[in-house]
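*Asks:* Shown below is the structure under consideration.
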Amino acid sequence: MQRRGRKTEQIRLQKYLAQCGVASRRRAEELIRQGKVRVNGQVVTEMGVKVSPDDHVEVDGRPVKPEKKKVYILMHKPRGYVTTVRDPEGRKTVMDLLEGVRERVYPVGRLDYDTSGLLLLTNDGDFANLLMHPRNEILKVYVVTVKGRPSEEALEKLRTGIRIDGYVTAPAFVRVLDEYENKTKLEITIHEGKNRQIRKMCEKIGHPVVRLKRIAYGTLELGDLKPGEWRYLTDREVKQLTEKVQYGTE
């Protein structure tokens, strides 16, 4: 929606919203479809609309502008927090933990309410889109405590792929870390990120998840961060992660 007499660069509205630190492009598309975005006073619900910095863009009645400073945060998400910017049910969100961060950031992907571990947040839409695109197959490592003691046959089903929700999961790397009287601790590595995927995989083999924690994402590791703590990524970490994805060495 370029104003008459202006010749400024235009980009798709969902990309613009991502650059403003509102949400990832995928989530921005949802906001547009829900009628929560206005451009120059008009509600936009269709994809394909382009805007420029001269346009007045609002989300939920609040004006948004592209963030000048790019921010990259690694958080140890605790259990009992939702991975959204705002929650209509009034539950605690990961944004409540970001004291001192002035830029508008959003989570890269999601971790379930009852899942803890490594979560990335940013206001860099290109960075978030790169990490979340399925074709890049970024490895994610989880420590998973399940009920009972899975047999080798059951674990092999996870390793070769298992049917859940109408699709077959990609092969996972699975190893046993520890065994208890009625629980088993596993390390599971996947590159997919479908809704509650690991929980559904484990439930399918008859060993429901008791506790789930993500400890690595691509080249990044959770390290010594305690639940609720966070830190900024270094320039080197951002470069290593994005280069690994871009050059297909993941």
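The values are calculated or read from the model by the stated rules, or taken from the named source; none is laboratory data. The structure presented is a predicted model; accordingly, all values stated were derived computationally and were not measured. Counting neighbours? That spans all protein chains shown, and the Cβs are built from the backbone with ideal geometry, glycine included. Protein only, heavy atoms only, side chains kept; ligands, DNA and RNA dropped before computing areas. Shrake-Rupley method; radii C 1.70, N 1.55, O 1.52, S 1.80 Å.
*Asks:* When the accessible area of the chain is split by element with a 1.4 Å probe, what percent falls to carbon and sulfur?
*Replies:* Ligands and nucleic acids excluded, carbon and sulfur give 44 percent.
*Asks:* To continue, here is another question. Mind checking the dipole of segment 59-112: about its Cα centre, +1 per Lys or Arg Cβ, -1 per Asp or Glu Cβ, Debye to the nearest 20?
*Replies:* Here segment 59-112 has a charge dipole of around 240 debye.
*Asks:* Among Y232, V146, I188, whose Cα lies farthest out toward the positive end of the dipole of segment 122-234, if unit charges sit on the beta carbon of Lys, Arg (+1) and Asp, Glu (-1)?
*Replies:* V146
*Asks:* Nearest 20 debye, what's the magnitude of the dipole of segment 169-250 about its Cα centre given +1 on Lys and Arg Cβ and -1 on Asp and Glu Cβ?
*Replies:* Charge dipole, segment 169-250, about its Cα centre: 340 debye, nearest 20.
*Asks:* Let me ask something else. Is the C-alpha gyration tensor of segment 22-136 telling us rounded, prolate or oblate? Criteria: a/c under 1.5 is rounded; beyond that, a/b larger than b/c is prolate, otherwise oblate.
*Replies:* Because a/c hits 1.5 or more and a/b exceeds b/c, segment 22-136 counts as prolate.
*Asks:* Over 27 Å between Cα atoms, which of K50/K140; K92/K244; K147/K213 qualify?
*Replies:* Flagged as over cut-off: K50/K140; K92/K244.
*Asks:* Counting Lys and Arg as +1 and Asp and Glu as -1, each charge on the Cβ, what is the dipole of the chain about the Cα centre in debye, to the nearest 20?
*Replies:* My answer is approximately 680 debye.
*Asks:* Right, something else. Would you kindly state the longest site-free stretch of the chain, with sites defined as chymotrypsin sites (Phe, Trp or Tyr not before Pro) in a DSSP loop (not H, G, I, E, B) surrounded by at most 10 other Cβ atoms within 10 Å?
*Replies:* That would be 1-179.
*Asks:* So, one more: Tell me the per residue accessible area of segment 1-99 using a 1.4 Å probe; a whole number in Å² is fine.
*Replies:* Per residue, segment 1-99 has 57 Å² of solvent-accessible surface.
*Asks:* Restricting to DSSP loop positions (anything but H, G, I, E, B) with no more than 12 other Cβ atoms inside 10 Å of their own Cβ, which GluC sites (Glu not before Pro) remain in segment 134-198?
*Replies:* Taking segment 134-198 and a limit of 12 other Cβ atoms within 10 Å, the loop GluC sites (Glu not before Pro) found are E181.
*Asks:* Here's another thing I want to ask about it. If one computes the Cα centroid of segment 143-172 and of segment 197-215, what distance in Å separates the two points?
*Replies:* So the separation of the two Cα centres works out to 9 Å.
*Asks:* While we're here: Using 7 Å Cα-to-Cβ label points, what is the T93/K65 separation (nm, one decimal)?
*Replies:* Taking the two extended label points, one gets 2.2 nm.
*Asks:* For the chain, what are the per-bin percents of Cα-Cα distances with bins 10 Å wide, up to the bin holding the maximum?
*Replies:* Going out from 0 Å in 10 Å bins, the chain shows 7, 28, 31, 22, 9, 3, 1, 0 percent.
*Asks:* Which of G80, G61, G125 moves the most in a Gaussian network model of the chain with Cα springs under 10 Å?
*Replies:* Ranking G80, G61, G125 by mean-square fluctuation puts G61 first.
*Asks:* I would also like to ask the following. Please give, to one decimal in nm, the separation of the simple spin-label points placed at R33 and K15, each 7 Å out from Cα toward the Cβ.
*Replies:* 2.1 nm
*Asks:* Residue separation times 0.36 nm, minus the C-alpha to C-alpha distance between T160 and L130: what's the value?
*Replies:* 8.1 nm
*Asks:* Normalised by the residues of the chain, what does the relative contact order come to in percent, with Cα pairs under 8 Å and at least six apart?
*Replies:* With pairs under 8 Å counted, the relative contact order is 20 percent.
*Asks:* What GluC sites (Glu not before Pro) does segment 48-108 have in DSSP loop regions with at most 16 other beta carbons within 10 Å?
*Replies:* For GluC sites (Glu not before Pro) across segment 48-108 that sit outside H, G, I, E and B with at most 16 neighbouring Cβ atoms in 10 Å, the list reads E89, E99, E103.
*Asks:* While we're looking at this one, here's another question. Picking from Y167, V71, Y113, whose Cα lies most toward the positive end of the charge dipole for the chain (charges on Cβ: Lys, Arg +1; Asp, Glu -1)?
*Replies:* Sorting the options by dipole projection puts first V71.
*Asks:* Let me make sure I get this right: for segment 200-250, a, b and c are the square roots of the gyration tensor eigenvalues over alpha carbons, sorted descending. Under 1.5 in a/c it's rounded, otherwise prolate if a/b > b/c, else oblate. Which is it?
*Replies:* In terms of gyration-tensor shape, oblate.
*Asks:* On to the next question. Classify segment 82-151 from the C-alpha gyration tensor, please: rounded if a/c falls under 1.5, else prolate or oblate depending on whether a/b exceeds b/c.
*Replies:* It is oblate, given that a/c is not under 1.5 and a/b is not larger than b/c.
*Asks:* Rounded to the nearest whole Å², what accessible area per residue is found for segment 110-243 with the 1.4 Å probe?
*Replies:* 53 Å²
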